[in-house]
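Notes follow once the structure below has been shown.
Derivation of every value follows stated rules applied to the coordinates shown; laboratory data play no part. No experiment lies behind these values; they were computed from the predicted model shown. Please note: Cβ atoms are built from the backbone with ideal geometry, for glycine as well, and neighbour counts cover all protein chains shown.
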Amino acid sequence: MGVWIILSTFLAIQISQCWSCMHRGVECIDYEVLTRYPEYEERQYPATIWISAKETGPTLTRAQINLYKKLFRYIQGDNLKGEFINSTTPTRTKVVPCKDDTMCEPTYTMSLLIPNELYDDLFPIPTDVDLFFEREPPKRYVVRSFGGRPSEAQWVTEAQKLADLTMKDSGVARDHYYLNWYDPPLQLFNRLNEVWIPKTLKKKTHDQKKLIRDQNDLNEVC
């Protein structure tokens, strides 16, 4: 009897670990909320693997249509194993805006999360040469969530709001951001959308040098 209790407990723990983050029955990323602010929050994400496609073009809408078709074919079996891959969420689009060059066009990279069950190099290789895998280390993001079915202009507005809200945080990236939708296109109501901007933690080199100078009475610290 004791063995069955232990086994049941073990299985329950394993299941909860595998399916700790679900959105409408679909696997998502099990992140940690570090700080909540009135209009956004700071999160820590674990290491992840994504299948991605990239396009440079004038509009987000056109790029997302083209890239999603490629990624959708991959999870539907357009891969060397001919395997169907379980859906995950969110669908993520990295946006690298133009800077000052008026001849430049933004770059969009759309990505689908690889399911946890395929992390040990079990994910099938795509037949489309435009698709590629991205292994990302643990990352920190500032995140703004909102609902509805945003237009391209609304996505940009929300991204700008988040950038403005975090303007005083020197660790927040200013050269790219991520647009994420969690629900399928046919989901009409109660949709979840998010803007992510990466944040890096600055090393406290200046403070460390000051501490060394105070402790050792050094005139110079190399």
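Can you tell me which residue is surrounded by the fewest Cβ atoms within 10 Å (Cβ to Cβ) among those in segment 32-56 that are outside any strand (DSSP E or B) and either over 16 Å from the mean Cα position of the chain (by Cα) or free of Cβ contacts under 8 Å to residues at least 40 places away in the same chain (or both)?
Let us first name the residues in segment 32-56 that are outside any strand (DSSP E or B), namely 37-40, 46-47.
From what's left, either over 16 Å from the mean Cα position of the chain (by Cα) or free of Cβ contacts under 8 Å to residues at least 40 places away in the same chain (or both): 37-39.
On the way: TYR37: 11, PRO38: 6, GLU39: 12.
Taking the candidates together, the pick is PRO38.
Checking the conditions here, which among THR127, THR88, THR59 is of a type in the set (Val, Ile, Thr) and under 20 Å from the mean Cα position of the chain (by Cα)? Working first, answer last.
Numbers: THR127 fails: under 20 Å from the mean Cα position of the chain (by Cα); THR59 fails: under 20 Å from the mean Cα position of the chain (by Cα).
Of THR127, THR88, THR59, the one residue that is of a type in the set (Val, Ile, Thr) and under 20 Å from the mean Cα position of the chain (by Cα) is THR88.
Looking at (1) exposed (fewer than 15 other Cβ atoms within 10 Å of the Cβ); (2) touching a helix residue (DSSP H, G or I) at 6+ places or on another chain (Cβ under 9 Å); (3) closer than 19 Å to ALA47 by Cα, find the lone condition where GLU134 falls short.
Condition not satisfied by GLU134: (2).
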